[in-house]
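A quick write-up on the structure given underneath.
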């Protein structure tokens with residue numbers, strides 16, 4: 001025979017959570033969320049995925065470094081060109097400044 005102070009374990013049909021309910025008060029004493037087992041990829045597969053992501057990061061970084069070098073070289077060439085232009089035409093008027101356009 002069941003006593004009045006026993007609890008009941010129920011499984012929610014929607015979310016598969018386990019609920020522990022007090023029979024007297026019908027209050028939920030404890031709820032445990034359903035967690036799916038990890039399964040899926042093995043440790044070796046996860047390690048390979050991690051290495052592939054690391055390689056992608058390194059490739060992206062190397063590409064960014066190369067782009068930065070190219071950008072610096074282009075800015076250096078532009079500076080040299082403008083410096084030569086300024087040396088050839090020392091009396092050339094300066095370009096207008098935005099705040100002087102009023």
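Laboratory data are not the source of any read-out in this text; all were calculated from the coordinates shown. Here the structure is a predicted model, which means the values were calculated and not measured. All Cβ positions, even for glycine, are placed from backbone atoms using ideal geometry, and neighbour counts span all protein chains on display.
Some points to look at:
- Per-pair calculated FRET efficiency, R0 = 30 Å: residue 100 and residue 69 via Cβ, rounded to 0.05: 0.25
- Cα long-axis angle, helix 43-88 against the chain (0 to 90 degrees, to the nearest 10): 20 degrees
- Answer label, with Rg and Dmax of the Cα atoms in Å calculated from the coordinates and candidates (1) 21.0, 70; (2) 14.2, 49; (3) 35.7, 110: (3)
- Average Cα contact separation per residue, the chain, under 8 Å, 6 or more apart, as relative contact order %: 12 percent
- The chain, helix-only ellipticity at 222 nm - DSSP H runs n ≥ 4, -39,500 (n - 2.57), divided by all residues, nearest 500: -17000 deg cm²/dmol
- Inverse of mean 1/r across different Cα pairs in region 37-88, Kirkwood, Å: 14.6 Å
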